[in-house]
Amino acid sequence: MFEQFREWETNRHEYAQEWKERTGGKVMGYFCTYVPEEILHAANVLPVRILGSHEPQNVTEPHIFGMFCPFCRDCLAQGLKGRYDYLDGIMIAQSCLHIRQAFTSWEKHRPREFSYYLCMPHHVQSPRALPYLTGELVQFKEAVEEWTGNTITDEGLDHAIEIYNDNRRLLRSIYDLRQDEHPPLTGEEAMEMVISCQMTDKEEHSGEMAKVLDALPTRGNGRDPGVRLMIIGSEDDDIEFINMVETSGATIVVDEHCTGTRYFWNEVEPRDDRLEAIAARYIDRVPCPTKDWEDRSRIPHILELAKKWDVAGAIVMQQKFCDPHELDTVAIRKALDEAGIKTLFLEFDVTVPIGQFKVRVEAFLEMLSDEDLFD
Amino acid sequence: MITAGIDMGAKTIKVVVLRDGELAGKSIVIAGFDNRASAEEAFAAALEDAGVSSDDLDGVVATGAGRKSAPYSTRDVSEVGCDVKGTIKRYPNARTVIDVGAEEGRAIRCNEQGKVLDFALNEKCAAGAGAFTEAMSRALEVETESLGAMSLASGNAVPMNAQCAVFAESEVVSLLHAKTPKEDIARAVHDAIASRIVSLARKVGFEPEVVLVGGVAHNIGFVDSLKRALECEVTVPDDPDYIGAYGAALAAAEEG
Amino acid sequence: MATKQLYETRQLECWGKAKEIRENYYRDYATAHDRGALRWAGGAWTFGAIPCGLGEDVYSITSEPYAASIAANREFSNRCLEATERAGYARDLCSYMRNYWGSLLLDEFLWGGPFPKPDFIWQDHICCSHAKWYQVVTDMEPEIPHFSIDVAVGPEQEINDNKVNYLVGQMHDGIEWLEKVTGREYNDDLLIEAVHNECRATSVWAEICNLNKAIPAPLEEKTMYSLYVLGTLMKHSKVVADFYEELRDEVQDRVNDGIAAVANERCRLMSDTQPPWGFLSLFRYLEEFGAISVGSLYTFGLIGLWEVKPDGTWGPRTTPQQLGVEIKDRDHALRVLTEWNLHKPEWQHFYSPHVKTDMMVRIAKEWSLDGVMLHYNRGCEGLTVGIAENRLGLIEAGYPVMTFEGNMGDEREFDLARTMTRVDTFMETLGLKKE
């Protein structure tokens, strides 16, 4: 049922190139989910999230100091190795220091016809952020119009917003089904679905999800869900790891991470000023750790997810060297602990020692099952 | 003119004696706890091999990690400098020297005059040296010497984390438990080190002729991995561990 | 490189005064409550001029300099780092933060006594860690109110009203917040005075660094650290602005008299990022080769404000006072403060390393450098971001570059012996021998 998503995710480059040929539109590679995709969509640009390939490489050392996260180096390696040569443009919306290096090195050494650095504000908890970002989006919109030669109208934006909101609602609906005592899909399937969403045309993706949403209630996969878990992290697309966890007697029923729910959780609410409406969505969305201050808004959100999806434990998938997430982890684990949810902390690199992690995961699951017995 | 060069390496001490620029004698000794005593031992053996006494020497230069505690030397020159001197004398077309020793990997770029243009050394996050192969051999329960041949017998590239030595060791254990053939693991280990070394080489921008020196150059598995990762030919001297000491002896002759 | 000769040297006369200012600063903060005064905590880049409007009895402690002071005391630093690790924080986090939190967790102030808690936190945010640093502080001490101002609005070439309004808007909100949490009424005159002092202090610091273009250099970097630090403590104060003018005059005299910082200056280098604070002897080691670090973008531009002069070279930024600008009211003061700071050299590289490379190449040219030593500083991502590209850019521009890995605030991650060996090799490639 989820094969199409896996196909899109595994053959992401072929998909994008085929899309280009078919539609004649431009493809924009982007780093960071704060990029306002709706504006790109309204200019007939396909935004594709740049992710790594989980292979060891030796090409980024001259460009990025080894103490920055493996993910940003893996992303840059894809560019340096020519795997994304079909991109017409690259852009980033300002979030963490690490990933912006992938953008700035890519821009210099593999330049595209268009590149853009959007100064997405960090102080999203301030009322001043909205007018500021709206102003930045006005400039961004003009730059995209000049690049593509397409005019971005209010109608175009309305259309894009509707398509994106529709896509988000479908994702949320499918996620809601995971609240069931017997979730009809695995965390691995959900991950394929969400990752593929970040690299395909939204309408196509929604079309596929509509089919899946129809079929899921009667799927009856007869699978013992085992222990209900959530995963929390920065950027995660370690499908192999998720598979290992779920074949060890568990199901991942919900997540809170960059390539997961943080990408799609919030919709654009309508406003007269379309750019302001889009800006509001990105400011009010579940935040990346870099933007979650002065108050910790991630914590009540995580606790609510854990409650609604009836989670027994959480795996904190810490990307090695990811400072922003490391700054949140202690507080998050404490809050989960106080709410009676045990956490397993694992550090991730480009490749993972599946065997060693399996030992830890199995011990964690055993501990959680034992607790069930005595509840 | 008779000169000597002492390379006080982390694991071994090498001494080379030159007579009028030609190799007259050499010796290699495992560095003991008292590395000065080991150096004296190596020095004596090299002199005997050359059939000279210490009074015959016109100059002695020391290099290597422990060069400050070398006996007999009148001055010291960096490993980077000696590597280049030794290499360019033998291979005048050498433009990149890669030295992989027990504890340190280096990539050096030089010009035809043997001037060092740029150099890079392995940093904190590195599975890029000989000590790593020793640790991996232990994990695989084989002799370090046979690791090279074992990896050549593999036809399979198994990806292994090349960034962190601790993570990599974890992965070897995982692979063993997953019944991965030892040959494939051995190859993965060499590929991982080669990847680290090539990262260093890219930092200085490598160009042919690339010459590989240092103890790990004896490891045919590593040499194979390195050639594949660099995508170019690599020249390996017959006595790669001695190039540093050779360069030091040449430096001693320069002073006159 | 100059041929072998010995320059005349002379002790810095105002050295003692610099020490005194720094000592007073920390003592005033620690004892503030004894006098019924206010005290606050924030980063070195925070808009320190703004809390000045709360009265003439407002003292501060800035995070990075305090943490650097801890780092220089390796024994205490290790205890702080271990306390932070026991509390569950990762070792690769900014080492300044880890030293600072440790001091808080141990409840030990570096100069004795318990850690004097601030009345409020007033912070800026540009690197990932800034506001989060103090968010963790409030995790530990929930009663301390916290306000941070986001300044990450892009490079100076792209400044526009929208960006300035964002900062000024946050500042207005911040002042309302300050009145609320302190119960004090805000005095705009004190703000205006502080803004003028800040512009003066930071411009004069650049003037001092500019004088180091002279050969021989009148100052060397290790000494400059002890002088520029005052700007990281209270760039908004009259004391520091006045001191820098005094220092500038003395340095000018040194240039006029041909006084050198290092008598055997033969080779001029620059460094980058914070130095390994526990191992400043590295700079003395350079002198054995006749090599001197004349500064860095860090020392020049962390606090100093610069501009391109009519002759195309870098020089101290002309202050609003010098331009005859009279600050009319609060909003005007905040705008002047915002625009002044948005031109800060060390704020530009956050958006592109290539901009930083241009500045570094400029320094190498105008300060007549023979080489560069880059500290690949694992302790600070904010200043190390893009450093690998800086290295490539400097090499492309024809400068010999040496890199050494280390940590400004975690001595366990710095190997002095190994670094010195690397320096030996680098000096060898530059054709320099020890004297």
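The values are calculated or read from the model by the stated rules, or taken from the named source; none is laboratory data. Just so you know, these numbers come straight off a predicted model, no measurement behind them. Methodologically, a virtual Cβ is constructed for each residue, glycine included, from the backbone with ideal geometry; neighbour enumeration extends over all protein chains shown. Side chains are part of the model used for accessible areas, which takes the heavy atoms of the whole protein and leaves out ligands, DNA and RNA. Shrake-Rupley method; radii C 1.70, N 1.55, O 1.52, S 1.80 Å.
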Looking at (1) open to solvent by less than 30 Å² (accessible area, probe 1.4 Å); (2) farther than 27 Å from residue B:238 by Cα, find the lone condition where residue B:156 falls short. (1)
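Here's the yes/no breakdown for (1) under 30 Å from residue C:172 (Cα atoms); (2) within 14 Å of another protein chain (Cβ to nearest Cβ):
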position	(1), (2)
C:338	yes, yes
C:344	yes, no
C:356	no, yes
C:360	no, no
C:364	no, no
C:372	no, yes
C:375	no, yes
C:379	no, yes
C:383	yes, yes
Any idea how many residues of the range A:7-24 are open to solvent by 10 Å² or more (accessible area, probe 1.4 Å) and of a type in the set (Gly, Ala, Ser)? 1
Would you mind stating whether residue A:145 is open to solvent by 60 Å² or more (accessible area, probe 1.4 Å) and in contact (Cβ under 8 Å) with a residue 12 or more places away in the chain? no
Kindly evaluate residue A:165 against the criterion of being open to solvent by 40 Å² or more (accessible area, probe 1.4 Å) and closer than 30 Å to residue A:208 by Cβ. no
Filter result for the condition that a residue is of a type in the set (Asp, Glu), on the phi < 0 side of the Ramachandran plot and in contact with a helix residue (DSSP H, G or I) (Cβ under 7 Å, 6 or more places away or on another chain), over B:169, B:207: B:169
Count, please, the residues in the range A:232-250 that happen to be over 21 Å from residue A:321 (Cα atoms), among the polar types (S, T, N, Q) and crowded, with 21+ Cβ neighbours inside 10 Å. 0
Only one of B:80, B:100 is open to solvent by less than 10 Å² (accessible area, probe 1.4 Å), in the same structural domain as residue B:194 (by TED's automatic domain parsing) and of a type in the set (Val, Ile, Thr), namely B:100
Which strands (runs of 3 or more DSSP E) sit wholly inside the range B:1-98 and have at least 2 residues that are closer than 26 Å to residue C:434 by Cβ? B:2-8, B:12-19, B:59-63
Being among the basic types (Lys, Arg) and closer than 15 Å to residue A:252 by Cβ narrows A:178, A:169 down to just A:178
Sole exception among (1) touching a residue at least 12 places away in the same chain (Cβ under 8 Å); (2) out of contact with any helix residue (DSSP H, G or I) (no Cβ under 6 Å at 6 or more places or on another chain) for residue C:97, by number: (2)
Within the range A:325-344, residues open to solvent by 20 Å² or more (accessible area, probe 1.4 Å), among the β-branched types (Val, Ile, Thr) and farther than 13 Å from residue C:88 by Cα come out as A:343
Can you pull out every residue in the range B:24-42 that is surrounded by 15 or more Cβ atoms within 10 Å (Cβ to Cβ) and of a type in the set (A, V, I, L, M, F, W, C)? B:24, B:28, B:29, B:31, B:39, B:42
Conditions: (1) surrounded by 24 or more Cβ atoms within 10 Å (Cβ to Cβ); (2) over 22 Å from residue A:158 (Cα atoms). Residue A:42 meets all but one. Number of the miss? (2)
Filter result for residue C:72 (of a type outside the set (Phe, Trp, Tyr) and under 22 Å from residue C:123 (Cβ atoms)): no
So residue C:350, is it within 12 Å of another protein chain (Cβ to nearest Cβ) and modelled with pLDDT of 95 or more: yes
Which of the numbered conditions does residue C:168 fail, given that it passes all the others? Conditions: (1) farther than 19 Å from residue C:120 by Cβ; (2) within 14 Å of chain A (Cβ to nearest Cβ); (3) out of contact with any Lys or Arg (no Cβ under 6 Å at 6 or more places or on another chain). (3)
Hey, residue A:111 within 14 Å of chain C (Cβ to nearest Cβ) and surrounded by fewer than 19 Cβ atoms within 10 Å (Cβ to Cβ) or not: yes
What are the residue pairs meeting all of these: first residue in the range B:207-233, first residue among the aromatic types (Phe, Trp, Tyr), second residue crowded, with 24+ Cβ neighbours inside 10 Å, Cβ atoms under 7 Å, and 6 or more apart or on different chains? B:222/B:190; B:222/B:193; B:222/B:194; B:222/B:216
Among residues of the range A:269-295, those that are within 14 Å of chain C (Cβ to nearest Cβ) and either crowded, with 21+ Cβ neighbours inside 10 Å or at positive phi (or both), counted: 10
Mind checking whether some residue in the range C:388-402 is aliphatic (A, V, I, L, M), more than 12 Å from every other protein chain (Cβ to nearest Cβ) and not in a helix (DSSP H, G or I)? yes
Qualifying positions in the range A:310-365 - within 14 Å of chain B (Cβ to nearest Cβ), part of a helix (DSSP H, G or I) and touching a residue at least 24 places away in the same chain (Cβ under 8 Å): A:354, A:357, A:358, A:361, A:362
Looking at the range A:68-106 only, could you name the residues that are within 25 Å of residue A:121 (Cα to Cα) and within 14 Å of chain B (Cβ to nearest Cβ)? A:68, A:69, A:70, A:71, A:72, A:73, A:76, A:105
Where the second residue is assigned to a loop (DSSP other than H, G, I, E, B) and open to solvent by less than 10 Å² (accessible area, probe 1.4 Å) and the first is more than 14 Å from chain C (Cβ to nearest Cβ) and lies in the range B:80-91, which pairs have Cβ atoms under 7 Å and are six or more apart or on separate chains? B:87/B:94; B:88/B:94; B:90/B:237
What number goes with the only condition from (1) open to solvent by less than 10 Å² (accessible area, probe 1.4 Å); (2) out of contact with any Asp or Glu (no Cβ under 9 Å at 6 or more places or on another chain); (3) under 30 Å from residue A:46 (Cβ atoms) that residue A:196 does not pass? (2)
Please enumerate the residues belonging to the range C:73-94 that are of a type in the set (Gly, Ala, Ser) and touching a residue at least 60 places away in the same chain (Cβ under 8 Å). C:77
